[in-house]
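Here the structure comes first, spelled out in structure tokens, and everything after it is commentary.
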Amino acid sequence: MNNKIIGNRGEDIACKFLINNGFEIIDRNYQKRIGEIDIICFKKGILHFFEVKTVSRETFNYVNIEKFKPEDNVTREKISKIEKTANIFMNEKGFNDEYVQIDLITVYLLKKEKEWGIDDPEYLIKYYSNINFI
């Protein structure tokens, strides 16, 4: 199992989900010393900063998905790093006056990496809006 491959696959799936739901992708894997933002989008006057958490069957091995929650790994410290990195992005790109929110997407890949076909693997996706206020 390669976490980088699994993470990239999850981010690709998340981007397709976002595009299909009317989001405009502005940037991916935006990195600064303080942290990284997986996906940056714009929709209806709101600038969205997405954290994407992906798990594969190797990770949760068909345990009860309701008990295994990757979203629980998004800590207040992680959100703080995203907020600081988002501020740098907004200053660099001139988005200072935009409404901003931090969102989370979790992707559960339902097959092991070696079982993936040419197309996207089977997956479940969950979208959590505005997690900066949890």
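Worth a mention:
- Highest-first arrangement of 15-27, 39-51, where packing means the average Cβ count within 10 Å: 39-51, 15-27
- A straight chain from residue 5 to residue 88 at 0.36 nm per residue would run longer than the Cα-Cα distance by 27.1 nm.
- Distant-in-sequence amide contacts of residue 56, defined by a placed amide H-H separation under 5 Å and a gap of 5 or more residues or a different chain, comprise 109.
- Karplus 3J(HN,Hα) series, Hz, for region 38-51 with 6.51 cos²θ - 1.76 cosθ + 1.60 (x for Gly, Pro): 5, 9, 10, 9, 10, 7, 6, x, 10, 8, 10, 10, 9, 9
- Using 0.36 nm per residue and subtracting the Cα-Cα separation, the extra length available between residue 44 and residue 32 on full extension is 1.7 nm.
- Local charge for residue 19 was computed over the other residues whose Cβ lies under 13 Å away, with Lys and Arg +1 and Asp and Glu -1, and equals 0.
Each reported figure results from applying straightforward, stated rules to the coordinates on display, with no laboratory input. Keep in mind that this is a model prediction, so the values were computed, not measured. Every residue, glycine among them, receives a Cβ derived from its backbone with ideal geometry; neighbour counts consider all protein chains shown.
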